[in-house]
Structures are given as C-alpha cells and as structure tokens.
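The values are calculated or read from the model by the stated rules, or taken from the named source; none is laboratory data. What you see is a predicted model, and the numbers here were worked out from it, not measured in a lab. Here the Cβ positions follow ideal geometry from the backbone for every residue, glycine too, while neighbour counts run over all protein chains shown. Keep in mind that these areas ignore ligands, DNA and RNA; they rest on the heavy atoms of the full protein, side chains included. Shrake-Rupley method; radii C 1.70, N 1.55, O 1.52, S 1.80 Å.
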Amino acid sequence: QVQLVESGGGLVQPGGSLRLSCAASGSTFRFYAMGWYRQIPGKQRELVASMSSGGRANIADSVKGRFTISRDNVKNTVYLQMNSLKPEDTAIYYCNAFVSGSDYWGKGTLVTVSS
C-alpha cells in the first residue's frame, strides 16, 4: 500500500505560480512512476504531467511550457511547478503513483486561479 499526501494548493491570481508537492510512503519510491492529474467537478480526471522512475517526463499539451514535473528520490516527493497560471487551470489536483501494476491516489489539493 502506497500513501500519497499532496500539499501546496491554494488561491492564486492569473499569471501567478504555485508549486505542488506530493509525499509518498515506501522505501522503493525511486521505482514508482508518478503523475499529477486534475479534475474539474463534472468532468473527467485528466493527466497533467507524469514522470517515470527513470526521470522521463510527459507534459500535457494544455500546460506545456508552463508546468514542469520533478522528483526527489531522497525525499520521496514529486513536485509540480505551475507558472503563468490561468483561470482554466482551476481544479483539484491529484497525485498518482503507479507501483507494481497498481494505481494509488492522494486525496487531492485544490488550486483556484482567480483575481
């Protein structure tokens, strides 16, 4: 069982930045594939960014050039740096870990982009 705890969400003005963090449990974090998803109420959850255990990043076209994903295998943490935020980025952001064929999810953190 892998536990994930997100932090860093909040209210930010358009054009602003936030950094989300996701702390994962377990001693083999370096082997986890990690990702960030987001969901607007009433819509499907969508992939924002992912990073393989080898450090290969995949960024959704909708946020490419604005968001970056990174990981710290010593701290068991994955980050999502979000710059140039837009109102349409408002959503609940979820951390995901794919480990040994199973998906694990955090409880989510709310990001609101509004003036």
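Each of the peptides 79-85, 90-96 was scored by the mean count of other Cβ atoms within 10 Å over its residues; in descending order, highest first, they stand as 90-96, 79-85. These residues, 107, 86, go from largest to smallest accessible area, 1.4 Å probe, as 107, 86.
In this label model, residue 31 and residue 73 are separated by 1.2 nm, measuring between points 7 Å along each Cα→Cβ vector. For the range 11-40, the residues whose backbone nitrogen is under 19 Å from a point 7 Å from the Cα of residue 86, taken along Cα to Cβ, are 12-19, 37-40. Carbon-plus-sulfur fraction of the accessible area of the chain, 1.4 Å probe, in percent? Carbon and sulfur: 48 percent of the exposed surface of the chain.
Proximity of backbone amide H atoms, modeled 1.01 Å from N, is registered between residue 85 and 15, 16 at under 5 Å, excluding neighbours fewer than 5 places apart on the same chain. Here the label points at residue 64 and residue 98, each 7 Å from Cα along the C-beta direction, are separated by 1.9 nm in the simple model.
Once the chain from residue 7 to residue 56 is taken as fully extended at 0.36 nm per residue, the excess over their C-alpha distance is 15.4 nm. Scalar couplings 3J(HN,Hα) for the range 94-104, obtained by applying the Karplus form with A = 6.51, B = -1.76, C = 1.60 to θ = phi - 60°, are 10, 8, 10, 10, 10, 9, 6, x, 10, 9, 10 Hz; x denotes Gly and Pro. 3J(HN,Hα) along the range 19-25: 10, 8, 10, 9, 9, 10, 8 Hz, from the Karplus curve 6.51 cos²θ - 1.76 cosθ + 1.60 with θ = phi - 60°, whole Hz, x for Gly and Pro. Calculated accessible area for the chain comes out at 55 Å² per residue, all protein chains present (probe 1.4 Å; ligands, DNA, RNA ignored).
Overall dimensions of the chain, expressed as equivalent-ellipsoid semi-axes from the Cα gyration tensor (√(5λ), whole Å, largest first), are 23, 14, 13.
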